[in-house]
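Data first, discussion second: the structure below is written as structure tokens.
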Amino acid sequence: MLESIELIDLQRALKNVQDKYKYDFSDYALSSLQRRIIRFMNIHSIVDVDILISRLMADAPFVNQFVEELTVNTTEMFRDPTLWLSIKEKIIPKIKDLETINIWHSGCSSGEEVYSMAILLKAEGLLDKAKIYATDLNEHVIAKAKRGNYSSRNMKLNVENYQKTTISGSLEDYYTTSGDVVQMNEELLRSVSFQKFDLATNHEPFMKFNIIFCRNVMIYFNSFLQDKVVNLYKNSLLDNGYLILGAQETISMSNVADDFTVFDAKEKIFALK
Amino acid sequence: MLKTIVIGGSAGSFDGVLEILSHLPKDFNFPILVTLHRLKNVREGLVEALMTKSNIQVIEPLDKTSIKKNMVYLAPSNYHMMVELGNTIALSTEDIVKFSRPSIDVLFETSAHVYQDKMVGILLSGANSDGANGMKHIHERGGVTIVQDPKECQISTMPDAALKATEINHVFSTKQIINFLLKRHQVG
């Protein structure tokens, strides 16, 4: 079992992927990137970086799996329930009278966060006013999020999280179960548009939003890339728009920190001045 | 030249960590990184509990925090805590490792990679084998490996697993761990 790889070999593999497939992992945080590549190689019984490279160059579906392994994090619905309580109590009152509510889930991964927000909006009677963009760097991943299938086993935790948010109703109202699999109600996606967007390579704003979610995405980027992405968000927010990060993240070290106020310090919600 | 102390523990380790931190001076010369298995959704309470007796400041670091001495960095709940080249904390939401997030293996392995022989890894009481593989990495890169004496542990599964997995330099009681650390504080 492979336990480590040389940095220079890792960089060589990623350069090959970048040249052929345009995915740029050169500014991803090294510790987790390295661990994930090693894990990927072990899953596929590849002991040598040169073999990894030749398989990646030859096999596009294999590259999809590679990109998924490096970027997708299976997560929970309503992860950090106190955050969702804060959105419900502090942000919803501020946006509920808007004609349209523009929301961006950047790095939507397997989609749990998208469904979480859609459910909150539905419970508040605001889903029809919302225009939601859910983006990720890989179409395959986006397709999965769109399908809305999750394992029944994971739903137990999601239900527990939901109960802690004090949102009305119950989570079971929003999905149907068939054996091991749950299917999220399709109507939750009626205000959602899924698109490919690579935060590592694209820093051009395409729209302005009231809320941008970027939770536990930038922890996988190095500081240099993180700064570029925070700048993108700054340019993609409407006045007083909200940027929502993960529980242990901050923008305070970024060069545009002064353009934001801290809206909720504990839940890592920042508002554009 | 020693750079960092890294500690891992699970069931039964809280008292040990508290004991250690309450006997180290406020200006302890090395950063201390700690991963304890902990409840997933409980974000408050553990730092506060450690701060009741610790002389050194304890924080749950944000991602990309610089690692400095006179500080204890406690892995936050529901994240893996890693060390990044450049001496910063890197957090991750990847899958659980040995049923845990934060995982001790993840901290130990990344620390070994960054600090090589300039670190001490300490494994305390616990009910699973998380940390054993990490100790192996520490040993292979020349770091010092210490386990809490299984006889003293509430649950000895964790140090026992490490003893089976790799060479452990010292099997210490909590008191001996403290003396070891105090000596290193004096000589560097």
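The values are calculated or read from the model by the stated rules, or taken from the named source; none is laboratory data. Small disclaimer: the values here were computed from a predicted structure and weren't measured. For neighbour counting, all protein chains shown are included, and Cβ atoms are generated from backbone atoms with ideal geometry for every residue, glycine included. All accessible areas refer to the heavy atoms of the entire protein, side chains included, with ligands and DNA or RNA removed. Shrake-Rupley method; radii C 1.70, N 1.55, O 1.52, S 1.80 Å.
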Test A:SER151 against the criterion of being closer than 15 Å to A:THR75 by Cβ, small (Gly, Ala, Ser) and loosely packed, with under 15 Cβ neighbours inside 10 Å, and give yes or no. yes
Qualifying position, being among the hydrophobic types (A, V, I, L, M, F, W, C), in a loop (DSSP other than H, G, I, E, B), surrounded by fewer than 19 Cβ atoms within 10 Å (Cβ to Cβ) and at pLDDT 95 or above, among B:LEU62, B:LEU39, B:LEU2: B:LEU2
Would region B:149-168 turn up any residue that is within 14 Å of chain A (Cβ to nearest Cβ), part of a loop (DSSP other than H, G, I, E, B) and more than 17 Å from B:ILE5 (Cα to Cα)? yes
Filter region A:162-180 down to residues that are more than 14 Å from chain B (Cβ to nearest Cβ) and either closer than 14 Å to A:ARG79 by Cβ or surrounded by 14 or more Cβ atoms within 10 Å (Cβ to Cβ) (or both), then give me how many there are. 4
Which pairs have Cβ atoms under 9 Å, sit 6 or more apart or on different chains, and link a residue in region A:148-161 that is within 14 Å of another protein chain (Cβ to nearest Cβ) to one that is among the hydrophobic types (A, V, I, L, M, F, W, C) and open to solvent by 40 Å² or more (accessible area, probe 1.4 Å)? A:SER151/A:VAL181
Only one of (1) more than 23 Å from B:GLN116 (Cβ to Cβ); (2) open to solvent by 40 Å² or more (accessible area, probe 1.4 Å); (3) under 14 Å from the mean Cα position of the chain (by Cα) is not met by B:LEU21, so which one is it? (2)
Would you pick out the residues in region A:86-116 that are more than 23 Å from A:GLU186 (Cα to Cα) and either hydroxyl-bearing (Ser, Thr, Tyr) or at pLDDT below 95 (or both)? A:SER86
Give just the number: which of (1) in contact (Cβ under 8 Å) with a residue 12 or more places away in the chain; (2) surrounded by fewer than 23 Cβ atoms within 10 Å (Cβ to Cβ); (3) under 19 Å from B:LEU123 (Cβ atoms); (4) not acidic (Asp, Glu) does B:ILE96 not satisfy? (1)
Looking for something open to solvent by 40 Å² or more (accessible area, probe 1.4 Å) and either in contact (Cβ under 8 Å) with a residue 12 or more places away in the chain or not aromatic (Phe, Trp, Tyr) (or both) - is there at least one such residue anywhere in region A:209-218? no
(1) more than 26 Å from B:GLU152 (Cβ to Cβ); (2) more than 15 Å from the chain's Cα centre (by Cα); (3) open to solvent by 60 Å² or more (accessible area, probe 1.4 Å); (4) of a type in the set (D, E, K, R): which one isn't true of B:LYS53, the others all being true? (1)
Going through A:ARG35, A:ARG79 one at a time, which residue ends up being open to solvent by 50 Å² or more (accessible area, probe 1.4 Å), out of contact with any Leu (no Cβ under 6 Å at 6 or more places or on another chain), within 30 Å of A:TYR115 (Cβ to Cβ) and within 14 Å of chain B (Cβ to nearest Cβ)? A:ARG35
For a quick check of your reading of the model, give me the residue pairs whose first member lies in region A:239-254 and is farther than 18 Å from A:GLY107 by Cα, whose second is of a type outside the set (Phe, Trp, Tyr), with beta-carbon atoms closer than 6 Å and at least 6 apart or on different chains. A:ASN240/A:ALA271; A:GLY241/A:ASN210; A:GLY241/A:LEU272; A:SER254/A:ASP227; A:SER254/A:VAL230
Take region A:10-61 and flag every residue that is within 17 Å of A:LEU137 (Cβ to Cβ) and not in a helix (DSSP H, G or I). A:LYS22, A:TYR23, A:ASP24, A:PHE25, A:SER26, A:ASP27, A:TYR28, A:ALA29
Among the residues of region A:235-260, how many are open to solvent by 60 Å² or more (accessible area, probe 1.4 Å) and either more than 10 Å from every other protein chain (Cβ to nearest Cβ) or within 17 Å of the chain's Cα centre (by Cα) (or both)? 6
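Those residues that are among the aliphatic types (A, V, I, L, M), away from every other protein chain (no Cβ under 12 Å) and closer than 23 Å to A:GLU68 by Cα, I need them from region A:208-225; list them, please. Give the steps one after another, and end with the answer.
Taking region A:208-225 and keeping what is among the aliphatic types (A, V, I, L, M), we get A:211-212, A:217-219, A:225.
Cutting the leftovers down to away from every other protein chain (no Cβ under 12 Å) gives us A:211-212.
Matches in region A:208-225: A:ILE212 only.
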Go through region A:118-139 and give me each residue that's under 26 Å from A:LEU199 (Cβ atoms) and exposed (fewer than 15 other Cβ atoms within 10 Å of the Cβ). A:GLU139
